[in-house]
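Remarks on the structure that follows.
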Amino acid sequence: MIKDVVIEKLFKLIEPIVKENDFELYHLEYIKEFGENYLRVYIESPKGIGLDDCEKVSRPVSDMLDVEDPISESYYLEVSSPGIDRILYTDKHLNRYIGSQVSVKLEKLFEGKKQYEGILADFDSAEVSVTISNENLKIPRDKIKTIRLNEEL
């Protein structure tokens, strides 16, 4: 729960910087991997994201974090694109990619499987509908681990 509060505060601090640079803040995560803490800032743009774009955002975000100091422990800051195979975290993300090919990973078996691939058809607060071989499968959201965009370039 404390982690959610930190992420919410970070989002409010970082989003204006991202917007000032004409990008959208797609997602933030603060995680521990191999004993190290990482603050990952995912940005996007209709034009795509390049290394220069990440650097353009990284410097002012780093400067702001040094001043505001919202994280008490040491961490690495990473700024990147969410990538073509991005995870769809929010309803906004789901809405944007209705009609797209997705891969849905589940926490537990649902109708005999832990993963489904198909076209994202619809969603609501209770379930996500995926079209697989011309049939709609309604998957309860509380069973979903991740929904990942599964598009080709």
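With no solvent and one point on each alpha carbon, what is the Debye value of log10 I(q)/I(0) for the chain at q = 0.16 Å⁻¹? Those come out to -0.96, one per q. Relative to its residue count, region 2-80 spans a Cα convex hull of 88 Å³ per residue.
The alpha carbon centroids of region 48-105 and region 134-153 are separated by 21 Å.
The angle separating the long axis of helix 2-20 from the principal Cα axis of greatest extent in the chain is about 70 degrees. By the helix-only formula, in which each DSSP H run with n ≥ 4 contributes -39500 (n - 2.57) and the sum is divided by residues, the chain has a 222 nm mean residue ellipticity of -9000 deg cm²/dmol.
Electrostatic bookkeeping for Glu36 treats Lys and Arg as +1 and Asp and Glu as -1; over the other residues with beta carbon under 13 Å from its beta carbon, the sum is -1. Short to long, the 5 Å bins of the Cα pair-distance histogram for region 91-149 hold 5, 21, 35, 28, 9, 1 percent of all pairs. The charge dipole of the chain, taken about its Cα centre with unit charges on the Cβ atoms of Lys, Arg (+1), Asp and Glu (-1) only, comes to about 580 debye.
The C-alpha atoms of the chain define a longest principal axis, and helix 51-68 lies at about 60 degrees to it.
Read-outs: derived from the displayed coordinates by stated rules, not from any lab. Just so we're clear, the structure is a prediction, and the values are computed from it rather than from any experiment. Ideal geometry is used to build each Cβ from the backbone, glycine not excepted, and the neighbour counts take in all protein chains shown.
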